[in-house]
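The structure under discussion appears below in the form of structure tokens.
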Amino acid sequence: MFFLYNCFAIIISKLLALIALFNPKMKLFVEGRKDVFTILSQKISPTDKTIWFHAASLGEYEQGLPVIEKVKATYPTHKIIVTFFSPSGYEVRKNNTVADVTVYLPLDTKKNAQKFIALTQPDLVFFIKYEFWPNYLKELKSNNIKTFLISGILRENQAFFKWYGGFYRKALNTFTYFFVQNEQSKKLLASIGKNNVAISGDTRFDRVAAIVEKDNQLEFVSNFKNDQLTVVIGSSWPKDELLLTQYINTNKHAVKFIIAPHNIKPEQINELKTGLTRKTILFSEHEGKDLTDYDVLIIDTIGILTKIYSYADIAYVGGGFGNPGIHNILEPATFGVPILIGPNYSHFAEATALINLDGATAISNLAELTIKMDELLRDELLRFEKGHICSTFIGMNQGATQIIMNYIKQSATI
């Protein structure tokens, strides 16, 4: 099976190189991997002690960040290596300050896995949430390297739990311990004989809880808000914006709107701005302007949405009209902000929980958006009650990082 898998991996690598000629994102994916081994050779010496974290993309990196920070503090003489699979993670966090080396993960071929492990020789390895690469896992197992899954989510439809999944089930033998988010994941692992499992919860709660303690001030947002009611629309997609622009254009409340779209390509930002009849300004245009004069501020940059949520009286989190669904609702929740989302949230446990607790509200059309948004804008007590539910939910679900670290410190002597 490994022979077939490796043949397929080589074919895929050739195909991706061809696609990269025509696709800018795929070009980043391919070009970014060309110098990985050179970078590792330059930044890691044979005498260095290392710990490796792998994240599929930006969300998984943010999810693992509390553990990365704690591990770095616990093992200060080790170099921290962070790898990404996706350009959307690497390109945003390639200059992070927590890791000593940040690179793309080379494609999962036997040769790449052997070379990567030989260059890095990690004492501990952490895979965040998912991504199970058989060649890397096999090489880690062969070298007796302690390997952990953190904030893991397992689902019944994954290959591990199918009759044909023996090849993938074998790859799970690499893991020293599984730290999973829920009881279902633990039961699924038990069904295939994996009992080295703890339900630790989701480390994202620890990350977002820590955000509140940081300096979240943004002077330009303070100037724009000007002590008025403010709705922050985060990670919106065109389907979200189709409804939201109609609401913004017709609402009669004394309210300001900040929109931080998921995609900040100039043509899409221009389309969004053109669809708004209220006085609108882009972040890229704000220097020297009196922002109090504007009703809508469009954030055509990345990396500051979390801080912007701290200014929200109401948050709308986008993605819920698409597949697989909504973006991160925990960031506005940690600031005690009531949340509106689209209808596609069933794959997200935290969204489902907040809907059931009545801290978040799902809408399916413009009429529902209008009713629910108007209610929140009119009723300060309602905003407070729903916001309090959200912040309490964050507080009650903290602790995953400590559970993981307690085990590592007690059992993973390095």
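What the table shows:
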{"read-out": "Only one of 240, 206, 215 that is closer than 26 Å to residue 384 by Cα and surrounded by fewer than 16 Cβ atoms within 10 Å (Cβ to Cβ)", "value": "215"}
{"read-out": "Single match in 170, 194, 129 (criterion: modelled with pLDDT under 95 and within 28 Å of residue 399 (Cα to Cα))", "value": "129"}
{"read-out": "Pair list, Cβ < 8 Å and 6+ apart or interchain, from the range 219-237 residues that are part of a loop (DSSP other than H, G, I, E, B) to residues that are β-branched (Val, Ile, Thr)", "value": "226/292; 228/255"}
{"read-out": "Number of the exception - residue 264 against (1) assigned to a loop (DSSP other than H, G, I, E, B); (2) closer than 23 Å to residue 383 by Cβ; (3) not aromatic (Phe, Trp, Tyr)", "value": "(2)"}
{"read-out": "Residue count for the range 305-321, restricted to those that are farther than 18 Å from residue 229 by Cβ and either without any contact (Cβ under 8 Å) to a residue 60 or more places away in the chain or part of a loop (DSSP other than H, G, I, E, B) (or both)", "value": "4"}
{"read-out": "Residue check for residue 358: touching a Pro at 6+ places or on another chain (Cβ under 9 Å), without any contact (Cβ under 8 Å) to a residue 40 or more places away in the chain and of a type in the set (Asp, Glu)", "value": "no"}
{"read-out": "Test result for residue 281, outside any loop (DSSP other than H, G, I, E, B) and either open to solvent by less than 40 Å² (accessible area, probe 1.4 Å) or within 24 Å of residue 324 (Cβ to Cβ) (or both)", "value": "yes"}
{"read-out": "Residues (under 20 Å from residue 85 (Cα atoms) and not hydrophobic (A, V, I, L, M, F, W, C)) located in the range 20-42", "value": "23, 24, 25, 27, 31, 32, 33, 34, 35, 38, 41"}
{"read-out": "Index of the failed condition, residue 113 passing every other in (1) touching a His at 6+ places or on another chain (Cβ under 7 Å); (2) not in a loop (DSSP other than H, G, I, E, B)", "value": "(1)"}
{"read-out": "Considering residues of the range 1-36 that are closer than 13 Å to residue 135 by Cα and without any contact (Cβ under 8 Å) to a residue 12 or more places away in the chain only, the residue most open to solvent (accessible area, probe 1.4 Å)", "value": "3"}
{"read-out": "Residue among 308, 326 that alone is under 18 Å from residue 62 (Cα atoms), open to solvent by less than 30 Å² (accessible area, probe 1.4 Å) and modelled with pLDDT under 95", "value": "326"}
{"read-out": "Meets criteria (more than 16 Å from residue 218 (Cβ to Cβ), surrounded by fewer than 19 Cβ atoms within 10 Å (Cβ to Cβ) and among the basic types (Lys, Arg)) for residue 265", "value": "yes"}
{"read-out": "Whichever residue in the range 37-60 is surrounded by fewer than 17 Cβ atoms within 10 Å (Cβ to Cβ) and of a type in the set (A, V, I, L, M, F, W, C) and, among such residues, is nearest to residue 74 (Cα to Cα)", "value": "39"}
{"read-out": "Among the residues listed as 394, 389, the single one being among the β-branched types (Val, Ile, Thr) and out of contact with any Gly (no Cβ under 7 Å at 6 or more places or on another chain)", "value": "394"}
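The values are calculated or read from the model by the stated rules, or taken from the named source; none is laboratory data. Everything numeric here is computed off the predicted structure, so don't read it as measured data. We place every Cβ from the backbone using ideal geometry, glycine too, and count neighbours over all the protein chains shown. These accessible areas exclude ligands, DNA and RNA; they are computed on the full protein's heavy atoms, side chains included. Shrake-Rupley method; radii C 1.70, N 1.55, O 1.52, S 1.80 Å.
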